[in-house]
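**Student:** Quick one: this structure, given as structure tokens, is what I'll be asking you about.
No lab work stands behind these numbers, since they all come straight from the coordinates. Note that the coordinates shown come from a computational prediction; the quantities given were computed from them, not determined experimentally. No Cβ is skipped: glycine too gets one built from the backbone with ideal geometry, and neighbour counts run over all protein chains shown.
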Amino acid sequence: MKAMVQGLSVRKAAIRCGITENTSFKWRHRFLRAPAIHQSNKMNGIVEADEMYFLESFKGQHHLPRAARKRGGKAAKRGTSKEQIPVLVIRDRHGETDDRILRDTSAEQIGTVLIPLLSKDVILCTDGMPVYRQITRNAKIVHRPVNIAAGQRVINDVYHIQHVNAYGSRLRQWMAKFHGVATRYLASYLGWHRMIDRLGQNVTPTLCFLRSLGRTRQFQQLITT
């Protein structure tokens, strides 16, 4: 758990703990099982949402549908494409954070993920992507889109997406050390980062171990003491 708090790779964690890489891999994904499915229940107040993209990866698989990339690699095409896995990141001003892997960025898909997380009285801040207008109009939610393309960053000194973008930046920087995460394990790594980011300077191997066991009550008691 200490190696995971430090964000070490499977190989480096194995060396640190004196175990095989296979054992290190199995322990890691056992410990990530609970954090991967632990998400926020509801967002309140001003909520920010934005999409980010991760390169599809078949890392660890023996039979690839394409030529292998080197240490994460780059997409064949610039911008978004079928090679990119979309992730919707949602964060309110209280620090509650959620990130969900999407099949696509259609209004139906984003709405299915986003709307159940929002209290009825929220104010949703997003970029100017048209699907958000459709989603919020149908759900009767107040929407404050920021026109990033036109250089707009803040509306009335209050409405922006800077918090969710800052979280996304921390997530991408943290992910970079793994040189590409296999898409089938992406949800686990998202959960791992949510846990680390939420604890901040209070992160300890004990807290992470309790979270990995799903002992939410003991986890909350240690956070508040």
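**Student:** Among K26/K177; K12/K59; K12/K82, which pairs are too far apart, with a Cα-Cα distance over 29 Å?
**Tutor:** Beyond 29 Å between Cα atoms: K12/K82.
**Student:** Moving on to the next point. Based on the Cβ-Cβ distance from Q134 to S9, what FRET efficiency comes out when R0 is 30 Å, to the nearest 0.05?
**Tutor:** My answer for the efficiency is 0.10.
**Student:** Let me ask something else. Enumerate the calculated ³J(HN,Hα) couplings along segment 115-126 in order (Karplus 6.51 cos²θ - 1.76 cosθ + 1.60, θ = phi - 60°), each rounded to whole Hz, writing x wherever the residue is Gly or Pro.
**Tutor:** 4, x, 7, 9, 5, 5, 9, 6, 10, 9, 10, 9
**Student:** Enumerate the amide H contacts of D92 below 5 Å, restricted to partners 5 or more residues apart or on another chain; note that Pro and chain-start residues carry no placed amide H.
**Tutor:** E48
**Student:** Whole-Hz Karplus ³J(HN,Hα) for segment 131-140, in order, using 6.51 cos²θ - 1.76 cosθ + 1.60 and θ = phi - 60°, x for Gly and Pro?
**Tutor:** 4, 5, 4, 5, 5, 5, 5, 5, 8, 6
**Student:** What residues qualify as long-range amide H neighbours of M43, i.e. H under 5 Å apart, gap of 5 or more or another chain, H built at 1.01 Å from N?
**Tutor:** Counting only residues 5 or more places away or on other chains, the set is L118, S119.
**Student:** Which of the aspartates and glutamates could be linked to K120 by a straight reach, that is with a Cα gap under 18 Å, when you skip same-chain ones fewer than 8 residues away?
**Tutor:** Within the straight-line cut-off, K120 pairs with E48, D92, E96, D98.
**Student:** In nm, give the distance between the simple-model label positions of H29 and Q152, each being 7 Å from the Cα along the Cα-to-Cβ direction.
**Tutor:** With each label point 7 Å from Cα toward Cβ, the separation is 4.5 nm.
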